[in-house]
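All of the numbers you see were taken from the coordinates with simple rules; none came from a lab. Computed from a prediction, not measured in an experiment: that's the story for all the values here. All Cβ positions, glycine included, derive from the backbone under ideal geometry; neighbour counts span all protein chains shown.
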Amino acid sequence: MVKMASMGLHVFNPAWNKVQDSTTIGKKFSGSVRDVTFKLFGTDETLTLPLQVCTKVGDVKAAFAQQLMVNDANSIVFVAKQGPNFRKQLDMEEIASKVTVKGIESFKPVPRKWPYPTLIIGAGYNGLKCCMHHIKAGDTNIVCYDRFDRFGGYCWLMDANKTSKLQTEFGSFHVWWGPDFLEYGKCGGYPSVSKGWEIWPKQKELLEHFEYAADEYGVRPYVTWKSNVAAIDIIGDKNDINRYYNITVNHTDKDETSETRVSVIWSFPGSMQKNRQIEYPGEETFGGHVGFGMGDQIGYDCLEKKNIAILGNGAFAIENVRTCCEYGCNKVYVVTRRKNLPSPRVPCWFVHQGPAPTPGKLVLQMFQPMYDLCGFGDPWEYWSVHADKNRTRATIIQGSRFGIGDVTFLAVAYGKAEYVQDTLKRLTFRTLHLTSGRKLEEIDNLCKALGVTGDFSFDRMQKMKEIVGNWCSGDYRRPVMVDPLGMNAANFTTFSTGIGSHGFIHSNKYIIDYPKEYNLLVAGGILQALPRQKADEKLDKPAYVTDVKHAVTAGFIVGGLCPRADQQGGDVAAYKHKMYHMAHGTDVFLSECKKSWDMYQETWKQQGSTHDYIPYPYTREVVEGFFKDYSEALGFPLSPDGPPAEEARPASSEIPVNDDTIRYFGTIVETDHKQWWASSSQSNTQLSMNMKMASTNQQLVTA
Ligand SMILES: Cc1cc2nc3c(=O)[nH]c(=O)nc-3n(C[C@H](O)[C@H](O)[C@H](O)COP(=O)(O)OP(=O)(O)OC[C@H]3O[C@@H](n4cnc5c(N)ncnc54)[C@H](O)[C@@H]3O)c2cc1C
C-alpha cells in the first residue's frame, strides 16, 4: 500500500466497499494485492510492483507518466497475454499480472535530450561548477565561453588582491562541494587540511584549486577562452518546447565571430565587474594615494608605517584592513555611515558545520566573546539586528555580506584600527573632512571599498526587462546566478557561496531535464508566485543583480512547488556536517585560528607595539558551549567532534519503511484516496445505471 500510494496510485481499502451501494458490497473492488511484472518492450528491463487487483490500467499509466516524467500518459501502452494472443489493455481494465510496456525508454526518468547544446556563460566559480555537474551527469553536450583565458572569473582573476584570502573556510567554498560530487570520487573527496588544503587559501591557491578541479572533471575541452557571448536571438515562442537560441560569440583573440544554436543558456556572468565609482570633492588636492579596494589598487608601497582611511564596511573593507595590518601600517580608519556586523571566524565556521540552520540568536551569542574582548559593543544593538525585547529571536538585515575575520577585531583592540561612523564630505591635503565636522589628518592612503556594480549589457543581451525568480524573463531555460547582494536571515545555513550554487544548479538542471515539471509548476502558479525584479538605473542595479531575499525566496518557491527539484542535491545536511569535521574539525580549526591570532600579535610586537598579549577568546570549552546551545535550540545532539566515524547511513533506497512512513501514507490513503474511490465509485455506479437504461436489463459489472 505504501509503495502504491508513494507512486501516486489510488489505494483501495476493502472496508470502503461498505460505503457503496448495498448491491455492490464486496463486489466492486478487490483489496487483495498481487505482484505485477512489467517488462520493457525490446529490452530485458523489468519492474515488479505489488498492486491491488482492482488497480486500473489507466491509473498505472498515469502513475508511470508521473514518476517517469512522460508528458502524455496515453503514449504508454500496456500489452498483456489473453489466451493464445497478446492484446493492448484498455484504460478501464484491471491491470494484468504480466505486462509488456511500450512507449517509454526506461523505468527510470529519462532526461529530455534537447536538440542543440547547452550553453554555459562564464567559467568563474559558478560556470565551472555547472560544467562539472553536467560532466558528472554524463550530459556532455555543453559549450562554455569565457572572456578570460583561464578559470577563476572576475572575482579571482580581476577583483582579488594579491593579498586576498578566502574569508569563509575552504570547506564551504571548494568547487566540488556537494554529496553527489563526493560520491563521484574526484578531487580526493573531502578538502581536508591533512591533504594540504588551507582553511583560508590565498588568491594563488584558489586559482590552482579551480584548475585542479577542471582537470579532474575533464572540463577544459568544453571551454572556449577569450570569447564573449555578445548576442542572443530567441527563436520561437516562450512556451514552445522547440524554442531555441542563436548566439553570437566574439572571439577576442582571433578577431572572429561565430554563431551557434543552443537549447539552454545558463548564465554565470558575475556581478563584480566594476567598482562603485564615487569621486569626492577635493580629491585632486589630497596628495596621497587614492585607489580602490580591489584589483591590487590599494597602493602597497604606501602602507608601511602609514595612515590609511578605508571607505566602506563590507567584506572588501574588512579584507583591506587585514592587508594594511600585514603591510605594517601605523593606523587604519574604517569610515562608514553605519557600522555593519563583522563576523569573527568561529561563528562562520560553526554555521557552516551545522547540519541545520543556526538561529540568528545563536549567531549573535557567538559574536559576543569577540565583541566583548575588542570593544565592539553589544552585537544585538547593531542597526541591522531586528530582535524582540527578550532577545529570543534575531533577524539580521544589511546591505552587504558579513566581513569575516579575526584580525580586524584584534587591530581595533590594539588601537591599530578604528571604526569611524561618519561620511566623507571632502578632501584637502592629506585630510578627510567628515560630515560631523571631524577631521582625519595625516592620511597617506585613501582606499575606496564602496561596493561593486553589475553590467546593464547583460540585461540587454538577454532581451530582458525583468528577472522572474532566477529565470531571465521567466524563461526556465535561461537561469542566471550571480552573488546576491546583502543579507537577510533569521536562520543561517551559510555565509558562503558553495551550498547556494550547488542547490541552484541542481534544481534548475532538474527542471531543464524534465520540462514536464516546469509545465506542472506553471499550472501550479509558479510564475505568479516568484519574485520579480526590473532594472533600476538610479540604483545602478541591472535586473539580473538581485538581493539575497529575492534569491532565497525564489529558491524556496521552486523547492516548495517542486520538491523533487529540491531533493536533487542529496543529503546536504549530513554532508555539510561531516565534510566540515573531516576537512577542518573543531580542534584543527581552533588551533589555526589561534596560530594566526598570535602571529599578528608577535609581528606587531616586533614592529614596536607594547600592547599586552590578548588571548584568543574562543577556546574548546567556549565552542563546546555553542554546541550545547545549538543542540538544545534544535532538539538534537551535536558533538564538537562531528558525527561518529563509524556512522553508517543507509542509502535512501535502503531506508526501512518505519512507523512514521506508514502513518504518513495512512493519512494520504484515508483522505485523498478515500475521496478518489468515493467519487470514482459514484461515476462507475452512474455509468452502470446509464448503460442499464440504454440497453438491456442485464446486470452490468462496471468495475
Ligand atoms: C576578493 C574576493 C573574496 C571573496 N571571498 C569569498 C569567501 O570568502 N567566501 C565566499 O563564499 N565567497 C567569496 N567571494 C565571492 C565568490 O568568490 C564568488 O561568489 C564567486 O567567485 C562568483 O563566481 P561567478 O562564477 O558567479 O562570477 P565571476 O567570478 O564574476 O565570473 C564570471 C565569469 O563570467 C564571464 N563572463 C561574463 N559575461 C560573459 C559573456 N557575455 N561571455 C563570456 N563570458 C562572460 C567572465 O569572463 C567571468 O570569468 C569572494 C570574492 C572576491 C572577489
### Task
Name the shape class, rounded, prolate or oblate, that the alpha-carbon gyration tensor gives for the chain, where a ≥ b ≥ c are the square roots of its eigenvalues, rounded holds for a/c under 1.5, and otherwise prolate holds if a/b is larger than b/c and oblate otherwise.
prolate
### Query
With r defined as the distance between the Cβ atoms of SER6 and ARG460 and R0 fixed at 56 Å, what FRET efficiency is calculated, to the nearest 0.05?
0.75
### Message
Nothing charged except the Cβ atoms of Lys and Arg (+1) and of Asp and Glu (-1): what's the magnitude of the dipole of the stretch 242-378 about its Cα centre? Round to the nearest 20 debye.
### Response
640
### Query
Which aspartates and glutamates have a Cα lying under 12 Å from the Cα of LYS56, excluding residues fewer than 8 positions away in the same chain?
ASP91, GLU93, GLU94
### Summary
Under the Karplus relation with 6.51, -1.76 and 1.60 and θ = phi - 60°, whole-Hz ³J(HN,Hα) for the stretch 4-10, x at Gly and Pro, equal 4, 4, 5, 7, x, 8, 6
### Message
Among the listed pairs LYS541/LYS576; LYS113/LYS549; LYS331/LYS605; LYS3/LYS113; LYS136/LYS238, which have their C-alpha atoms separated by more than 25 angstrom in this model?
### Response
LYS541/LYS576; LYS113/LYS549; LYS3/LYS113; LYS136/LYS238
#### Entry: Evaluated at q = 0.12, 0.21 Å⁻¹: base-10 log I(q)/I(0), Debye formula over Cα of the stretch 262-332
-0.42, -0.98
### Query
Cα to Cα, under 14 Å, and not fewer than 8 places away if on the same chain: which aspartates and glutamates meet these conditions relative to LYS102?
ASP44, GLU45, ASP72
### Task
Pop the C-beta distance of ILE397 and GLU45 into the FRET formula with R0 = 41 Å and round what comes out to the nearest 0.05.
0.20
### Task
Report the full-extension gain for the segment ALA574 to THR140: residue separation times 0.36 nm, less the Cα-Cα distance, to one decimal in nm.
153.3 nm
### Query
What is the gain in length, in nm to one decimal, between GLU105 and SER591 on full extension, counting 0.36 nm per residue of separation less the C-alpha to C-alpha distance?
169.5 nm
### Task
Under 13 Å from the Cβ of THR37, count the other residues' Cβ atoms, weight Lys and Arg +1, Asp and Glu -1, and hand me the total.
+1
### Query
Roughly how big is the chain's charge dipole about its Cα centre, with Cβ charges of +1 (Lys, Arg) and -1 (Asp, Glu), in debye to the nearest 20?
1720
### Task
Step through the residues of the stretch 529-542 one at a time and calculate ³J(HN,Hα) from phi using the Karplus curve (6.51 cos²θ - 1.76 cosθ + 1.60, θ = phi - 60°), rounding each to whole Hz and writing x for Gly and Pro.
7, 5, x, 10, 9, 9, 5, 10, 5, 4, 8, 6, 10, x
### Task
Taking 7 Å along the Cα-to-C-beta vector as the label spot, tell me the GLN67-ASP149 distance in nanometres, rounded to one decimal.
5.4
### Message
Neighbour counts of other C-beta atoms within 10 Å: give me CYS302, CYS348 arranged from fewest to most.
### Response
CYS302, CYS348
### Query
What distance in nm separates the simple spin-label points at PHE636 and ARG426, each placed 7 Å from Cα in the Cβ direction?
6.2
#### Entry: Backbone N within the stretch 238-255 under 16 Å of label point (7 Å from ASN228 Cα along the Cβ vector)
248-255
### Message
For the stretch 146-192 and the stretch 38-96, what is the centre-to-centre distance using only Cα atoms, to the nearest Å?
### Response
47
#### Entry: Two-site label geometry, GLU418 and LYS204: point separation in nm, points 7 Å out along Cα→Cβ
3.6
### Query
If Lys and Arg each add +1 and Asp and Glu each add -1, what is the summed charge of the other residues whose beta carbon sits under 9 Å from the beta carbon of ARG430?
-3
### Summary
Nearest-0.05 FRET efficiency for THR260 and ASP540 at R0 = 41 Å, using Cβ-Cβ distance, is 0.80
